[in-house]
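One structure is given here, and the rest of the page talks about it.
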Amino acid sequence: PRPLTIPYTMQSGSSRLARKAEYKGQLEAKLRQHEVPVRYIRSVLIWERPVDFAVLVVALSAMFWAYSSHNLAILTQVGLVAAVYFAVEFAIVFFRINVPWHMLAPPKNSDPASLSAQFDQVIGHIVYWRFFFLDALEDIQRFKTTNRMQFAIQIVAAGLVVAWFGTLVSGFWLLYSLLALVIATPGILHNHIPALVYRRAEPYLNQVKAIAGDKIVLGVEYAKKLMAQTNTPARATAPTPASPPTTTPTSPEVDPNHKKNE
């Protein structure tokens, strides 16, 4: 029988930290022999090597463009990618090919402490995102257990939204956009692009906020004035006496019966 395991989110804080520390140690031991390529990939993704990042984007776009010109099934595409990947792995292992990472990506800072800090930063990010998604999956599982009907309704609604969105955007280009976003996100966050954009747009946002605030104040004052007018009771006024009807005398030239009476 399978051993009884406690879900990750139900564990205590000390056990969570222990699991994180254990996984981090295993990951460091596994990637320590690939420290140089890990640092190189990090430097490319955070735009420390802009030329290499541009080459990566162009190669990715060319690959998707080549695939888009062929009407291949999804299974065929996955099979081709897997075949190429394992062929490269087999060639590296069988022929003992050593990629010259030191020549391809010489470190800009040869300080051992700095290089070790870069490697530790990559390990820390991998550990953080792994356990972040574990927490999210455990939350979804707990929500499914406690609120089955609401979970089913939300899943059906999400599926319908995705199906509707798929009629507007091709799944192929959606995959390309998501992959491009994943590749660009480390550089965007590392270089604080959102903060820079907000700093540039902050004066204009403040102007819009001030104008909107003035308009809101004027609107509130106008609404209060209308409410005051509608809530004021009308003053009672005494009825005015009816005036007798007035007749205008007619001149002899105008009255046709004047000559008959004479």
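The values are calculated or read from the model by the stated rules, or taken from the named source; none is laboratory data. These figures come from a predicted structure and were not determined experimentally. Don't worry about glycine lacking a Cβ; one is built from the backbone with ideal geometry, like all the others, and counts go over all protein chains shown.
For Ala136, the requirement of being among the aliphatic types (A, V, I, L, M), loosely packed, with under 10 Cβ neighbours inside 10 Å and in a helix (DSSP H, G or I) is not met. Pairs linking a residue in segment 40-65 that is part of a loop (DSSP other than H, G, I, E, B) to a residue that is polar (S, T, N, Q), with Cβ atoms under 6 Å and 6 or more positions apart or on different chains, are Arg49/Ser43.
Looking at Lys20, Lys30, Lys24, which one is modelled with pLDDT of 85 or more and either loosely packed, with under 11 Cβ neighbours inside 10 Å or outside any helix (DSSP H, G or I) (or both)? Reasoning before the result, please.
On the way: Lys20 fails: either loosely packed, with under 11 Cβ neighbours inside 10 Å or outside any helix (DSSP H, G or I) (or both); Lys24 fails: either loosely packed, with under 11 Cβ neighbours inside 10 Å or outside any helix (DSSP H, G or I) (or both).
Answer to the selection: Lys30.
Is it the case, given these coordinates, that Trp47 is at positive phi and either modelled with pLDDT under 85 or surrounded by 15 or more Cβ atoms within 10 Å (Cβ to Cβ) (or both)? When the stated conditions are applied, Trp47 passes them. If you filter segment 170-211 down to residues that are outside any helix (DSSP H, G or I) and of a type in the set (S, T, N, Q), you find that the one that is surrounded by the fewest Cβ atoms within 10 Å (Cβ to Cβ) is Ser170. Is it fair to say Tyr204 is in contact (Cβ under 8 Å) with a residue 40 or more places away in the chain and either within 17 Å of the chain's Cα centre (by Cα) or farther than 20 Å from Leu45 by Cβ (or both)? Here the answer is no, as Tyr204 does not meet what is asked.
Go through Val78, Val84, Val156 for me and flag whichever is assigned to a helix (DSSP H, G or I) and at pLDDT 90 or above.
Val156
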